[in-house]
1. If Q328 satisfies all but one of (1) outside any helix (DSSP H, G or I); (2) touching a Ser or Thr at 6+ places or on another chain (Cβ under 6 Å); (3) not β-branched (V, I, T), what's the number of the condition it fails?
2. Restricting to the stretch 30-47, count the residues that are crowded, with 18+ Cβ neighbours inside 10 Å and either in a helix (DSSP H, G or I) or touching a strand residue (DSSP E or B) at 6+ places or on another chain (Cβ under 6 Å) (or both).
3. Checking the conditions here, which among S104, S61 is part of a loop (DSSP other than H, G, I, E, B) and within 16 Å of ligand 2 (Cβ to nearest atom)?
4. Looking at L303, L334, which one is within 15 Å of ligand 2 (Cβ to nearest atom), under 28 Å from T44 (Cβ atoms) and among the aliphatic types (A, V, I, L, M)?
5. Look through A295, A307 and report the one residue that is crowded, with 24+ Cβ neighbours inside 10 Å, under 12 Å from T206 (Cβ atoms) and among the small types (G, A, S).
6. Sort out which residues of the stretch 340-352 are part of a loop (DSSP other than H, G, I, E, B) and either more than 11 Å from ligand 1 (Cβ to nearest atom) or buried (at least 24 other Cβ atoms within 10 Å of the Cβ) (or both), and write them in order of number.
7. Quick check on the stretch 83-108: of everything there that is more than 27 Å from I287 (Cβ to Cβ) and in contact with a helix residue (DSSP H, G or I) (Cβ under 6 Å, 6 or more places away or on another chain), which residue is surrounded by the most Cβ atoms within 10 Å (Cβ to Cβ)?
8. Looking for whichever is under 29 Å from L261 (Cβ atoms) and in contact (Cβ under 8 Å) with a residue 24 or more places away in the chain here; the options are L119, L68. Which one fits?
Amino acid sequence: MRRGRVRRRWTSTGSENERPTVTSGPIPPPQPVFASVAAPDSPTRNAAAARQLQLTKPAGSLGKLEALGNWISACQGACPPNAFARPRVVIFAGDHGVAGSGVSAYPSEVTTQMVANFLSGGAAVNALARVSGASVRVVDIAVDADTEPSISAHKIRRSSGSIDTEDAMTHQEVVDAIAAGRAIADEEVDSGADLLIAGDMGIGNTTPATVLIATLTDSEPVVAIGRGTGIDDAGWCRKTAAVRDAMRRARPVTRNPVELLRVASGADIAAMAGFLAQAALRKTPVILDGVVVTAAALVAEDLAPGAKNWWVAGHRSTEPAHTLALTQLRLEPLLELDMRLGEGSGALTALPVLQAAVATLADMATFADAGVSTSDD
Ligand SMILES: Cc1cc2ncn([C@H]3O[C@H](COP(=O)(O)O)[C@@H](O)[C@H]3O)c2cc1C
Ligand SMILES: O=C(O)c1cccnc1
């Protein structure tokens, strides 16, 4: 967006030596870490676009469903495409030290309580998964409690550092968190998942998400910060101060995605970034969710350029940073329902739209099959 411009952006409230690093030239491009990602198959996409014209409907009459169906065909390398048989949600759970700065309307204990709720099937994501035919997995990446072995195999640490004053994690932890996310994507694809959704659970996590997005889109904190779980005006002021302070720490490492995750995210978000990049490397389509997942996606695109070609945006969250991230990724959301929950809920709500795009492209009769005239002559 406005990368490359150099300017001093906010007034420091600290001493001179706490001021942000002001770069003296254009911001360099990101330093990718993974192999660059092959795009979904263009010849199959072209075949799907040609098939759309043969189906018994006026050309273009299914609107955005047509481009969506063509993209699914390209991802699968199959025309007509197949209905998604094993859509899978992975919820990345982790606490955030910055919650102690009063940036959320709820206490950190809710993270552990919600993890139990996911496991017993009582959360929004469970209800939505049941209706859309997906299955749900929870992974404890950084919950501030001991959890059961079935979900803690990839645990990195208990909570992440309070990013307004300290690094989220160590170098080894960020490397391990990204590797954990990649391993989780591999586990899912190897067990047959044909569509992946990342979900988030962690009180305070909209603060690091906002820091990542505002930093990577070169936005002022005030245009990016939202109400998260429903903070009041005093909470909004505290969140603004925390985001501003964390951005001051993040800005010098903007173009180094691993360092950015280490300094200014959380182990759960770093794992999510690894997961989203690896899904693309494994040629598996992803429906992105809200502000937290899309913050991880923005970093994942810097880690693995081209990964975004394997993602579709499920919805637009009411969090302002979400729109900034979607714009930067050039992704147009399928739904706008004023949702602001996370957990993968917006992505799951969009899953039936993807299945509709497949059904029309795969199951409709062609003009030739049905003996329907293609013109009035
Ligand atoms: C009961 C409950 C269920 C949730 N499910 C997702 N979130 C979402 O809200 C939190 C982020 O908002 P903030 O940054 O304001 O804390 C995260 O836990 C996120 O997953 C929930 C939050 C609560 C309270
Ligand atoms: O957009 C989201 O994902 C979101 C918004 C508010 C709280 N938690 C998540």
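The values are calculated or read from the model by the stated rules, or taken from the named source; none is laboratory data. Every value quoted in this text rests on a predicted model; they were computed, and no experiment measured them. A quick note on method: Cβ atoms are made from the backbone with ideal geometry, for glycine too, and the neighbour counts reach across all protein chains shown.
1. Of everything listed in (1) outside any helix (DSSP H, G or I); (2) touching a Ser or Thr at 6+ places or on another chain (Cβ under 6 Å); (3) not β-branched (V, I, T), Q328 misses just condition (1).
2. Total satisfying the criteria: 2.
3. Details: S61 fails: within 16 Å of ligand 2 (Cβ to nearest atom).
Selected residue: S104, the only one of S104, S61 that is part of a loop (DSSP other than H, G, I, E, B) and within 16 Å of ligand 2 (Cβ to nearest atom).
4. Answer to the selection: L334.
5. A295
6. The answer is G342, E343, G344.
7. The residue in question is V98.
8. On the way: L68 fails: under 29 Å from L261 (Cβ atoms).
It is L119.
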